[in-house]
Structures are given as structure tokens and as C-alpha cells.
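Asks: Got a structure for you, questions after.
The values are calculated or read from the model by the stated rules, or taken from the named source; none is laboratory data. Everything numeric here is computed off the predicted structure, so don't read it as measured data. Because the Cβ atoms are built from the backbone with ideal geometry, glycine has one as well, and the counts that use them run over all protein chains shown.
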Amino acid sequence: MKKIIYSFFFAAAGLFAAQSATAQENVFSGGVELALPLGDFGEANDLGIGASVSYELGLTDNFAVLANAGYIYYMTEGDGFTFGQIPIQLGARYYLAGQREGFFAQVSAGTHLSMSSYDSDLVDNETNADFSLAPHIGFSLRKSCRLICVTK
């Protein structure tokens, strides 16, 4: 499993190093994560909340690659039980309108490190790593927000 995690970090470092010398804008961002557990997982866990950071590396006016990491804490009903995840993903984003704004389609792949712990000495704490694939569609407000924030 360590090999998979190291592979993601080396791939991210390679993407950053391979950036061309064009004037494309690169963006760091942060956000709040909300997770809605479904199925069997949803029976044991309630809503998840957390935070993430992301780096978007612009390659062209329409295309960017992304690296994302964060932490999600799940509210559980069991006494002494805690559960959290660390998502680490790499992805690609395509902007339909160009200039890296407006509607976009994105796909991200990576791993979710899941950690569960118990207050009891009778049960061992566990850490697992699972593959994750996440398709996205969205709308970027980055350029609009910058105009509003800079205008006096």
C-alpha cells in the first residue's frame, strides 16, 4: 500500500515539474467537504464533514490537472468509536468555455485512507486504503469572484 501512496506523490511531483513556461494561471484552493454515507456504510456512520486543499495546474486555456488532499470526519452513533478518511486524488479538468472558467467536467482518481479507532483496549484500531474514482461536473466562479473582490 505504501508503494501506491508513494506513486501518487511522485506522479503529483512530476506533474508540477512538467509544467510548461506558458502564462497559465495555477490556483491553490481550499474547501469544506460534506460526505453522505450510503448503503451498509451509511447504516454505521452519519454525515461526514471535513476540509480539503487542492492545486490546479493549468496546461492550456481549457485543460488543467489537479491534486487534492483532505480529511473527512464521520459522525458515528457508537460510544468510543471514531472514523475518518484522508482522500488523496489526482485528476484532470476540462473547461467547456475556455479561459479556465465557467462549466467544466472533471475526473479524479486516487485513494481514501480510512482510519477507525475505539476507546476500548479490546479492539484494534484499523487503517485501510481503498481506490477511489470521482467524476465531477461544475461551474467555476473563480474569475467572477476575483472581479467582485478587487472592485472597490
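Asks: Looking at segment 45-128, what strands (runs of 3 or more DSSP E) fall wholly within it and have at least 1 residues that are aliphatic (A, V, I, L, M) and under 17 Å from Phe28 (Cα atoms)? Break it down into steps so the answer makes sense when it comes.
Replies: Working: elements: 45-58, 63-76, 81-95, 102-118.
Passing ranges, in order: 45-58, 63-76, 81-95.
Asks: Looking at segment 97-112, is at least one residue of a type in the set (A, V, I, L, M), in contact with a Leu (Cβ under 7 Å, 6 or more places away or on another chain) and either within 18 Å of Gly48 (Cα to Cα) or at pLDDT 90 or above (or both)?
Replies: Our first condition is that a residue be of a type in the set (A, V, I, L, M); within segment 97-112, this holds for 97, 105, 107, 109.
Filter again for in contact with a Leu (Cβ under 7 Å, 6 or more places away or on another chain), leaving 109.
From what is left, the residues that are either within 18 Å of Gly48 (Cα to Cα) or at pLDDT 90 or above (or both) are 109.
Yes, segment 97-112 has at least one match.
Asks: Taking the stated definitions as given, is Ser116 touching a residue at least 12 places away in the same chain (Cβ under 8 Å) and over 21 Å from Val53 (Cα atoms)? Step through it out loud before you land on a result.
Replies: Values: touching a residue at least 12 places away in the same chain (Cβ under 8 Å): yes; over 21 Å from Val53 (Cα atoms): yes.
So Ser116 fits the description; yes.
Asks: Being under 30 Å from Asn125 (Cβ atoms), touching an Asp or Glu at 6+ places or on another chain (Cβ under 7 Å) and at pLDDT 90 or above is the requirement here; does Gly58 meet it? It would help to see each step written out before you state the result.
Replies: Values: under 30 Å from Asn125 (Cβ atoms): no; touching an Asp or Glu at 6+ places or on another chain (Cβ under 7 Å): yes; at pLDDT 90 or above: yes.
Spelling it out, it is not the case that Gly58 is under 30 Å from Asn125 (Cβ atoms), touching an Asp or Glu at 6+ places or on another chain (Cβ under 7 Å) and at pLDDT 90 or above.
Asks: Considering only segment 29-37, I want to know if a residue exists there that is modelled with pLDDT under 70 and in a loop (DSSP other than H, G, I, E, B).
Replies: Restricting attention to segment 29-37, the residues satisfying the condition of being modelled with pLDDT under 70 are none.
Among the residues of segment 29-37, not one is modelled with pLDDT under 70 and in a loop (DSSP other than H, G, I, E, B), which makes the answer no.
Asks: Answer yes or no: is there a residue in segment 127-141 that is in contact with a strand residue (DSSP E or B) (Cβ under 6 Å, 6 or more places away or on another chain), surrounded by fewer than 15 Cβ atoms within 10 Å (Cβ to Cβ), farther than 24 Å from Leu47 by Cβ and not acidic (Asp, Glu).
Replies: Yes, some residue in segment 127-141 is in contact with a strand residue (DSSP E or B) (Cβ under 6 Å, 6 or more places away or on another chain), surrounded by fewer than 15 Cβ atoms within 10 Å (Cβ to Cβ), farther than 24 Å from Leu47 by Cβ and not acidic (Asp, Glu).
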